[in-house]
Structure formats: structure tokens, C-alpha cells
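**Student:** Below are the C-alpha cells for one structure; questions will follow.
Bear in mind these aren't lab numbers, they're just calculated from the coordinates by the rules spelled out. Since the model is a prediction, treat every value here as computed from it, not as a measurement. Glycine also receives a Cβ, built like all others from the backbone with ideal geometry; neighbour counts cover every protein chain displayed.
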Ligand SMILES: C[S@@+](CC[C@H](N)C(=O)[O-])C[C@H]1O[C@@H](n2cnc3c(N)ncnc32)[C@H](O)[C@@H]1O
Ligand code: SF4
């Protein structure tokens, strides 16, 4: 790891020359820019979750955290000078724990410092357990354009097994309110839950589709290291059953007019998530907040940043002028794999023009791997587009690993 100027002790101003100095890459243009804002608290830690989320020890330090975010943003501004922002994602944790007035302040602080594109998408993650009447409308009035509701399941027994703070009735009420308050919204569901049968998964998917969500994110429950589930693993459906569940989800969403445009994402026409698409298309994102990750491009390099993870530590560092805990320049040899980890998740694949523009590398850098992927029936391609086949999508990690540095 190379510590960047912002990672140095004290409130050192960002030394732009450090980012602009010559390097081995030549980026033709800078990609679109998004902003990610992490709010790291939850009512209760879920036993499967390895996100940077914490139960607050007392009252939420909302104003102090918003002060820290503002300081963090101001320190980062020189790195994105003059660039427009196409999307903002306020994620967590549970951002809906913050008051609508707090979210209003956050969006106002951002607007005053960054140029937001006219159609800038602003997503906020919400947990049905933090739902109360009119709260979602107040988020909308604060400038949020898209709500993402963490439903996970509509089955009370499964919600209990997942340690969720909400029940089916709250999930339904939250979905109804999201639909009433927002033109576009997302529901998060998980499948292959402890003890879940195919019939129960179908009931969850049917219920989700009955709410007519413009967007669905459906994740296979994974047991992450350092979680309660890793220590005390629940009995989960076998792999074969999980594949069957995935197939049913794809059939049911398709029949309801939704398209699976990414491994876990389904949308009606016109409702794809701009913010996540930008990640998958290897766009840039500034990440502010505790533990937030960022990826920023410059004329001759691509840089990744991580903020301090612990909320208290983050606030202290941000307020004293250096929120960045780690900064690394992505090695030239790692760029093809990093690009493919994202771009091959998309059903429609990517254009070779975007590859060269966003990595600064010639197409010849991936020529051999592309030939091999094509010979194995994992991608199709023409002079511009590369698209994973059905088989490539099913064996995605095998396909991606062809692009690992040799
Ligand atoms: C940061 S959370 C979203 C909002 C909010 N914290 C909540 O849980 O309601 C993002 C989503 O990731 C998914 N997720 C979290 N941990 C997961 C795991 N171990 N396996 C699969 N999906 C997971 C859940 O669907 C969750 O809604
Ligand atoms: S509410 Fe969401 S972020 Fe919080 S612990 Fe549960 S899954 Fe993780």
C-alpha cells in the first residue's frame, strides 16, 4: 500500500500534483462520477451481515457525523474538481435511521459543493424496521429520488431466522409507502434462507412482484467470515435447490416484465440503477463516510481509497483533516481483472471502447484471454461488444479468472 498525501498525519492539503504526475497509463477521458455516502449504524446487527454497520451505544451522533461527512467531502473536492456527479447512493448500515432533516442537510451540503447533473439519481437505503408513516415522503422532499428497501423476505419465520428487526406486516407497509412516495424504488430480497423450500421462495417472489417494484435486487444468502452465522452456521438449502430457486426467480421476474440485467439485479425498462451500473461499467465513485471505498481516475492512474472504518475513529480523522486510511494505485497488470470483475456481471457485457477508455490499456492487453473465453463458449464478441453467454453467466468466476494477471 502506498499512502497518498491525504493519508499522511495531520490536515495536509491534498497535493494534486501527486495524482497528476506522469505514469504508465494514458486514459483518453475520465469516466462518469458517482458519490457514495456511508451511514454506519443499524438498530441491531443482523447475524449474516459483514457490512460496516454498528449498533449505536447511545443516541445516534447525527449532527457530529454530518459535520464529519462535510469535512471529508471538502478534503476530497480537489480530486474531482469540475466533474459533474450523475448519482448519489446513501447506503449503510441503515440510512433511514437518520432523520429526514439530517438527510436534507446532507444532500444540501453535497449540492453546495458538487455539480449534480440535472437528472442525478439519489438513492437512500431503508429498513422496514425504521418505517413510520410519512417518513419516506419526507426523504423524498429532502431530495431523495429512489428508495431501496431491505425487505429480505415476507415470511415471518425466515425474517426471525435472519435476525431482522421487522416482520412481514412492516415489510408490506414499507413497500406500499415506498410505492406511494417514489416514482422508482428497489426491494432487496435474499434467497436460499435457513430452512427455505422452493415453494416458500416462490411465495416470497410472488409477494415481491405483487408490489410492482420497478427494481429488484435478489441475493443468494452467503455465510460471510466474522459473522454470527459463520460461528453458528444455520442449515441452508443444498446448492442444487439454490440453483433451482435462482431459475424460478429469473422465470417469475421475466414473466412480470422485468429484465435480469446484472447477476443480482432485475428492472423494468427505464428503471435500472444508474449508480450500480456505473460501478459495473468501471466508472468512478468518490466514497465518503466510515469505511467507504472509492475509485478515482486521473490522466495517468486509477486510485482506490478506503476511509477509516470505525465510526468514532472516522469522525475524529475526518474532522482533523484526513479521513483516508488507505490509498493504493491500481497496478497496470491488475486493471484487466478489476474491469472484468465488474463488467462481466452485466447481461449486456461491455464495449471494448469503454475498456480502453477506462483502463488506459490497449485491447491487446486482453486479446489472449478474450480468445480463450470465446473458444470456451463463455463470451460472444464483435468488433466492439463483448457479452457473456448463458454459460459464461453460469460460470462467471471461471470466466473472470481468465483475466487474472499472468
Ligand atoms: C446494506 S444492506 C441494505 C439496507 C439495510 N441495511 C437492510 O438490511 O435493510 C444491503 C443488502 O445486502 C444484502 N445482504 C447483506 N448481507 C448479505 C449476505 N450475507 N448474503 C447475501 N446478501 C446480503 C441484503 O439484501 C441487504 O438488504
Ligand atoms: S440492517 Fe442491513 S446493514 Fe444493518 S446489520 Fe442488517 S443487513 Fe447489515
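**Student:** Exposure proxy check: 24, 389 ranked by fewest other beta carbons within 10 Å?
**Tutor:** With the fewest neighbours first, 24, 389 line up as 24, 389.
**Student:** Give me log10 I(q)/I(0) at q = 0.23, 0.27, 0.28 Å⁻¹ for the stretch 38-106, Debye formula, one equal scatterer per alpha-carbon, no solvent.
**Tutor:** Log-scaled intensity ratios, in q order: -1.10, -1.29, -1.33.
**Student:** Normalised by the number of residues in the stretch 256-353, what is the relative contact order in percent for Cα pairs under 8 Å and 6+ residues apart?
**Tutor:** 25
**Student:** To continue, here is another question. Using a Gaussian network for the chain with springs between C-alpha atoms less than 10 Å apart, which of these wobbles most: 127, 186, 155?
**Tutor:** Comparing 127, 186, 155 in the GNM, the peak value goes to 155.
**Student:** Taking the chain as a Gaussian network, Cα atoms linked when under 10 Å apart, which of 323, 235, 365 shows the biggest mean-square fluctuation?
**Tutor:** Result for the chain, Cα springs under 10 Å: 235 fluctuates most.
**Student:** May I ask for log10 I(q)/I(0) of the stretch 231-341 at q = 0.18 Å⁻¹, from a Debye sum over the Cα atoms as equal point scatterers with solvent left out?
**Tutor:** Result of the Debye calculation: -0.99.
**Student:** Restricting things to alpha carbons, find the Rg to Rh ratio for the stretch 355-406 using the Kirkwood radius for Rh.
**Tutor:** That ratio equals 0.95.
**Student:** Right, here's the next one. For the stretch 43-160, what ratio Rg/Rh do Cα atoms give with a Kirkwood hydrodynamic radius?
**Tutor:** Here the Rg-to-Rh quotient is 0.99.
**Student:** So if I take the centroid of the Cα atoms in the stretch 20-45 and the same for the stretch 146-225, what is the distance between those two points in Å?
**Tutor:** 29
**Student:** Also: Report the Rg/Rh value for the stretch 90-157, based on alpha-carbon coordinates and the Kirkwood definition of Rh.
**Tutor:** Ratio value, two decimals: 1.02.
**Student:** Rounded to whole Å and sorted largest first, list the principal axis extents of the Cα atoms in the stretch 176-256.
**Tutor:** For the stretch 176-256, the Cα spread along each principal axis is 41, 26, 14 Å.
**Student:** To continue, here is another question. Rounded to a whole number of µm²/s, how large is the Stokes-Einstein D of the chain at 37 °C and 0.692 mPa s, given Rh as the Kirkwood radius over C-alpha pairs?
**Tutor:** Answer from the Stokes-Einstein relation: 147 µm²/s.
**Student:** Report the Cα centroid-to-centroid distance between the stretch 88-133 and the stretch 249-300 in angstrom, as an integer.
**Tutor:** First find each Cα centre; the distance between them is then 18 Å.
**Student:** Same structure again: Would you calculate, for the chain, the mean residue ellipticity at 222 nm contributed by helices, counting each DSSP H stretch of 4 or more residues as -39,500 (n - 2.57) and dividing by all residues, to the nearest 500?
**Tutor:** The helix contribution divided over the chain gives -10000 deg cm²/dmol.
**Student:** Given axes a ≥ b ≥ c from the Cα gyration tensor, I'd like to know whether the stretch 125-225 is rounded (a/c under 1.5), prolate (a/b larger than b/c) or oblate.
**Tutor:** prolate
**Student:** Please work out, to two decimal places, the log10 of the ratio I(q)/I(0) at q = 0.13, 0.19, 0.21, 0.23 Å⁻¹ from a Debye calculation in which every Cα of the stretch 291-406 carries one identical scatterer.
**Tutor:** -0.59, -0.94, -1.07, -1.22
**Student:** How big is D, in µm² s⁻¹, for the stretch 140-288 by Stokes-Einstein at 10 °C and 1.306 mPa s if Rh is the Kirkwood radius over C-alpha pairs?
**Tutor:** 97
**Student:** Mind jotting down the three principal axis lengths of the stretch 10-71 based on Cα atoms? Whole angstrom, largest first.
**Tutor:** Principal axes ranked by extent give 48, 31, 20 Å for the Cα atoms.
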